[in-house]
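Colleague: Below: one structure in structure tokens.
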Amino acid sequence: MTSALQPTTNDPASNLQTGARVALLGMTINVVLAAAKIGAGFLGNSYVLIADGIESALDIAGSFVIWGGLKVAARPPDATHPYGHGKAEPLAAVVVALGVLAAALGLAIQSAREIFLPHHAPAPFTLIVLIVVVIVKELLYRGVMRLGRNVESTAVQTDAWHHRTDAMTSIAAHTGTSIALLGGERWRSADDWAALFACALIGANGYRLLWPALREIMDTAPRGEIIASIRNAAAAVPGVSEVEKCLVRKMGLRFYVDLHVGVNENISVREGHHIAHAVKDAIQRTDARIADVLVHIEPARTISSTGTG
């Protein structure tokens, strides 16, 4: 894929902008693919291809929501949002995931109806369209997912799974169409069964997209590596005798830290203030995504060899 799918810096705002550009790229490609699939489906008498095209059209709306969410999340903190607008990112992912689940249900109902209705066999050229779609979508999935994991963006990873879902539905469509063509009259409804199977895949991925976004909105603690890194950085600061509470929450692509550290109870308030600033600076140096650190100074229960006094 192009360099548009690569995060250029470790700066969260820059990565959010990159994610927004990737969502816009995915939206553009989905417009082309949706038009191709729906058009080929009508011309080639393939309901599963039409359903696949409709799913791609819904992906366009999903990519637009992701793009909008990332643009809002990139806004700096203000008077009404002192912690920034990062929650717009997982919120966009929730909206898209719910849209995916609704689309799966709607397409499943229509696919079930089509099974019992007589229709013509799909045209062979629809198989070529599906092969092209699978290749393009799988490449998009790999590139966008790589970016989403690098910047730890729930919304970007959600957008990536949209592409993987589209590739899987197209594989199911290709299988059903092939059976309908090779099996003759008795197997004309195979593409409709394939569409029904594709709906099950779409629904499963909708759930997979929804769960991590809900966890982030609920301020679920991030993975253990970043917490361990924060604790180690704080413990290495001269004057810190122990690290007690370490609370971390994710806001978009940024992290906010609440930390309790123990120091020698006999030092002055000024010394404690300097230690707190040193702890904050040390933690922020470990990861550019850490936007702020709130350090609470407490008297240490045990005094380490690095403690002052």
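Colleague: Residues in the stretch 230-240: is at least one small (Gly, Ala, Ser) and closer than 30 Å to THR175 by Cβ?
Modeller: No, the conditions are met nowhere in the stretch 230-240.
Colleague: What are the residues in the stretch 173-189 that are open to solvent by 10 Å² or more (accessible area, probe 1.4 Å) and either among the β-branched types (Val, Ile, Thr) or at pLDDT 75 or above (or both), if any?
Modeller: Result: HIS174, THR175, SER178, ILE179, LEU181, LEU182.
Colleague: Now a separate question. Across the stretch 122-131, which residue is surrounded by the most Cβ atoms within 10 Å (Cβ to Cβ) among those that are farther than 13 Å from ALA180 by Cβ and touching a helix residue (DSSP H, G or I) at 6+ places or on another chain (Cβ under 8 Å)? Outline the logic, then answer.
Modeller: Just the residues of the stretch 122-131 that are farther than 13 Å from ALA180 by Cβ, to begin with: 125, 128-129, 131.
From what is left, the residues that are touching a helix residue (DSSP H, G or I) at 6+ places or on another chain (Cβ under 8 Å) are 125, 129, 131.
Details: PHE125: 12, VAL129: 26, ILE131: 13.
Selected residue: VAL129.
Colleague: Report, by residue number, each residue of the stretch 54-97 that is surrounded by fewer than 24 Cβ atoms within 10 Å (Cβ to Cβ) and closer than 30 Å to GLN110 by Cβ.
Modeller: Scanning the stretch 54-97 gives ILE54, ALA57, LEU58, ILE60, ALA61, PHE64, VAL65, TRP67, GLY68, LEU91, VAL94, VAL95.
Colleague: Within the stretch 148-196, take every residue that is within 23 Å of LEU33 (Cβ to Cβ) and acidic (Asp, Glu) and give me the one that is nearest to the chain's Cα centre (by Cα).
Modeller: ASP159
Colleague: Can I ask one more? From the set of residues in the stretch 31-64 that are closer than 12 Å to ALA195 by Cβ and free of Cβ contacts under 8 Å to residues at least 24 places away in the same chain, which is nearest to the chain's Cα centre (by Cα)?
Modeller: GLY53
Colleague: Do any residues in the stretch 204-221 that are under 25 Å from ALA108 (Cα atoms) have Cβ atoms under 8 Å from those of residues that are surrounded by fewer than 16 Cβ atoms within 10 Å (Cβ to Cβ) and among the aliphatic types (A, V, I, L, M), where the two are at least six apart or on different chains, and which pairs are they?
Modeller: Short answer, once both residue conditions are applied: GLY206/LEU98; LEU210/LEU98.
Colleague: So, one more: What pairs come up if the first residue lies in the stretch 260-288 and is acidic (Asp, Glu), the second is open to solvent by 50 Å² or more (accessible area, probe 1.4 Å), and their beta carbons are under 7 Å apart, counting only those six or more places apart or on different chains?
Modeller: Pairs found: GLU265/PRO299.
Colleague: Please enumerate the residues belonging to the stretch 276-291 that are touching a helix residue (DSSP H, G or I) at 6+ places or on another chain (Cβ under 8 Å) and within 12 Å of ASP258 (Cα to Cα).
Modeller: Those that are touching a helix residue (DSSP H, G or I) at 6+ places or on another chain (Cβ under 8 Å) and within 12 Å of ASP258 (Cα to Cα): VAL279, ILE283, ILE290, ALA291.
Colleague: So which residues in the stretch 280-294 are touching a Leu at 6+ places or on another chain (Cβ under 8 Å) and surrounded by fewer than 18 Cβ atoms within 10 Å (Cβ to Cβ)?
Modeller: LEU294
Colleague: Please work out if PRO212 is modelled with pLDDT under 85, surrounded by 15 or more Cβ atoms within 10 Å (Cβ to Cβ) and touching a helix residue (DSSP H, G or I) at 6+ places or on another chain (Cβ under 7 Å).
Modeller: yes
Colleague: Restricting attention to the stretch 142-166, and to residues there that are without any contact (Cβ under 8 Å) to a residue 60 or more places away in the chain and charged (D, E, K, R), which single residue is surrounded by the most Cβ atoms within 10 Å (Cβ to Cβ)?
Modeller: Across the stretch 142-166, the extreme among qualifying residues is ARG164.
Colleague: Next question. Working carefully through the options HIS162, HIS174, find the one that is under 20 Å from ARG21 (Cα atoms) and in contact with a Ser or Thr (Cβ under 9 Å, 6 or more places away or on another chain). Even if it seems obvious, please write down each step before you answer.
Modeller: Working: HIS174 fails: under 20 Å from ARG21 (Cα atoms).
Unique residue meeting the criteria: HIS162.
Colleague: If I filter the stretch 146-202 down to residues being outside any helix (DSSP H, G or I) and small (Gly, Ala, Ser), which single residue comes out as farthest from GLN110 (Cα to Cα)?
Modeller: SER153
Colleague: Would you pick out the residues in the stretch 231-249 that are under 25 Å from ASN150 (Cα atoms), touching a strand residue (DSSP E or B) at 6+ places or on another chain (Cβ under 6 Å) and assigned to a helix (DSSP H, G or I)?
Modeller: Hits for the stretch 231-249 are ARG231, ALA234.
Colleague: Could you give me the residue pairs with C-beta distances under 7 Å whose first residue belongs to the stretch 81-104 and is closer than 10 Å to GLY69 by Cα, whose second residue is of a type in the set (D, E, K, R) and surrounded by fewer than 19 Cβ atoms within 10 Å (Cβ to Cβ) wherever it lies, and which are 6+ apart or on separate chains?
Modeller: These pairs meet every condition: HIS85/ARG75.
The values are calculated or read from the model by the stated rules, or taken from the named source; none is laboratory data. No experiment lies behind these values; they were computed from the predicted model shown. Please note: Cβ atoms are built from the backbone with ideal geometry, for glycine as well, and neighbour counts cover all protein chains shown. The protein model used for the area step is the full one, side chains on, heavy atoms only, and it has no ligands, DNA or RNA in it. Shrake-Rupley method; radii C 1.70, N 1.55, O 1.52, S 1.80 Å.
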